[in-house]
Amino acid sequence: MTQEVRGVVAPGRNEPVRVARVLVPDPGPGEAVVRVLACGVCHTDLHYREGGITDDFPFLLGHEAAGTVDAVGPGVTEVAPGDFVILNWRAVCGRCRACRRGRPWYCFDTHNARQRMTLAEDGTELTPALGIGAFAEKTLVAAGQCTRVDGAVSPAVAGLLGCGVMAGIGAAINTGGVGRGDSVAVIGCGGVGSAAVLGSRLAGAARIVAVDIDDRKLAAASRLGATHTVNSREQDPVEAIRELTGGFGADVVIEAVGRPETYRQAFYARDLAGTVVLVGVPTPEMTIELPLLDVFGRGGALKSSWYGDCLPSRDFPMLVDLHLQGRLDLDAFVSETIALDEVESAFGRMGTGEVLRSVVVL
Ligand code: APR
Ligand code: ZN
Ligand code: ZN
């Protein structure tokens with residue numbers, strides 16, 4: 001039976017979002033309807049509403065979410081009604097070449113739910129952000145997008161693992177392969193970079209240098225485990241990172257801004273045979289020029305990290321458990337909890353330096 005719920009819809013390019021009535025159909029084969037309990041506000045939602053991702057308006061926004069399974073369609077065995085789950089962007093196939101090589105985020109054959117949620121007022125089909133659409137009381141996803149985790153965790157914290165926080169932690173522990181005793185530099189300490197600081201600490205890094213242009217972000221990074229901070233408005237970050245690592249550069253440098261100058265800094269701040277991890281998302285026109293001798297001569301690796309190279313079934317339950325044991329401070333990421341009708345104002349608070357994440361709690 002189709003259900004009517006409230007959801008946050010981006011009606012058109014650069015138009016403010018609004019709360020609308022949304023129709024959620026019964027789950028079909030392989031699908032699940034999830035009652036959303038919390039969903040974080042991410043830059044990607046803002047990019048959708050600005051028309052920066054696709055033109056498939058109207059969008060049902062929200063994609064950093066946790067909730068309980070409400071109903072499952074025929075053939076679903078992974079989850080059952082009542083399960084507490086974190087949602088992820090894509091249900092990967094597990095069988096293609098990318099999946100079999102342990103790189104599921106490059107899966108060729110993902111099975112997300114068909115976009116069958118509509119606006120109640122006129123029946124227009126909605127495009128769910130990142131195949132999720134979770135600024136809504138309920139949403140329809142593929143069952144493979146649901147990962148069951150310990151329900152003792154707060155939904156607001158759990159939801160954040162579905163996107164930005166996982167991207168940052170995973171950039172350090174999965175893509176960067178940070179190990180015990182390593183030195184790490186994180187350039188850009190917003191939501192993603194701060195999570196990379198946390199991931200580096202979890203992995204046992206000895207030195208973690210946080211770089212930002214905003215002292216409030218640097219103070220927050222220190223609380224999460226950065227051992228040194230550099231304000232790159234005041235100091236050349238490449239020189240400062242070298243100085244703080246015995247003149248060498250960091251074993252792993254994580255770029256979490258997404259600008260040509262910070263990509264370049266990351267590249268030159270790494271030690272010989274060090275690893276650079278690009279997490280910041282570039283725009284199509286961005287380029288940087290690097291002398292090949294600098295690439296060759298310094299050795300090491302230049303990597304990009306998509307969704308923290310995470311495997312949701314492996315990483316979400318592990319990180320929730322660490323958090324519940326008091327070994328991973330994820331509470332610091334929830335700056336404020338808000339209602340569905342406050343998403344537009346939360347977009348305005350992004351980039352003010354005050355907020356790591358606003359989280360809609362339902
Ligand atoms: N040098 C250092 N830090 C900078 C610079 C700079 N030149 N310019 C901006 N910053 C800092 C900001 O002060 C902010 O703390 O980078 C941080 C960016 O953080 P957010 O705006 O919160 O963005 P976040 O959600 O963390 O995402 C960062 O990763 O996943 C991608 O698309 C995302 O490209 C974006 C990046
Ligand atoms: Zn996101
Ligand atoms: Zn696959």
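The values are calculated or read from the model by the stated rules, or taken from the named source; none is laboratory data. These figures come from a predicted structure and were not determined experimentally. All Cβ positions, even for glycine, are placed from backbone atoms using ideal geometry, and neighbour counts span all protein chains on display. Please note that ligands, DNA and RNA were not included when accessible areas were found on the heavy atoms of the full protein model with its side chains. Shrake-Rupley method; radii C 1.70, N 1.55, O 1.52, S 1.80 Å.
Quick look at the numbers
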item	result
Kirkwood-Stokes translational diffusion coefficient of the chain, alpha-carbon pairs, 10 °C, 1.306 mPa s, µm²/s	77
Per residue, in Å², the accessible surface of the chain once ligands and nucleic acids are set aside, probe 1.4 Å	42
Solvent-accessible surface (1.4 angstrom probe) belonging to residue 43, in square angstrom, nearest 10	100
Residue of 52, 249, 308 that the Gaussian network model of the chain assigns the largest fluctuation, springs spanning Cα pairs under 10 Å	52
The stretch 164-220, Rg to Rh (Cα coordinates; Rh as Kirkwood inverse mean 1/r)	0.95
Taking the stretch 30-184 and dividing mean pair separation by its residue count, relative contact order in percent (alpha carbons under 8 Å, at least six apart)	32
Simple spin-label estimate for residue 14 and residue 354 in nanometres, 7 Å along Cα-Cβ	2.6
Debye log10 I(q)/I(0) at q = 0.12, 0.17, 0.18, 0.21 Å⁻¹ for the stretch 210-355, Cα point scatterers	-0.65, -1.21, -1.30, -1.44
Longest site-free stretch - the chain; sites: GluC sites (Glu not before Pro), DSSP loop, at most 15 other Cβ within 10 Å	122-233
Nearest-20 debye value, the chain charge dipole, Cβ charges on Lys, Arg, Asp, Glu	960
Rg and Dmax [Cα atoms of the stretch 1-130; Å; Rg one decimal, Dmax integer]	15.4, 46
Label-point gap, in nm, between residue 322 and residue 302 - each point 7 angstrom along Cα→Cβ	2.9
Compactness relative to 2.2 N^0.38 Å, alpha carbon Rg of the stretch 283-362	1.65
Gap separating the Cα centres of the stretch 16-39 and the stretch 238-295, nearest whole Å	40
DSSP-assigned coil residues among trypsin sites (Lys or Arg not before Pro) in the stretch 98-157, each with at most 11 further Cβ atoms within 10 Å	101
The stretch 117-273: relative contact order as a whole-number percent, Cα under 8 Å and 6+ apart	18
Alpha carbon convex hull of the stretch 206-248, volume per residue in cubic angstrom	48
MRE, 222 nm, helices only [DSSP H, n ≥ 4, -39500 (n - 2.57), over the chain, to nearest 500]	-6500 deg cm²/dmol
Probe 1.4 Å - accessible area at residue 106, Å² to nearest ten	100
Solvent-accessible area, 1.4 Å probe, carbon plus sulfur percent, for the chain	50
Cα shape, the stretch 269-326, gyration tensor, a/c 1.5 rule	prolate
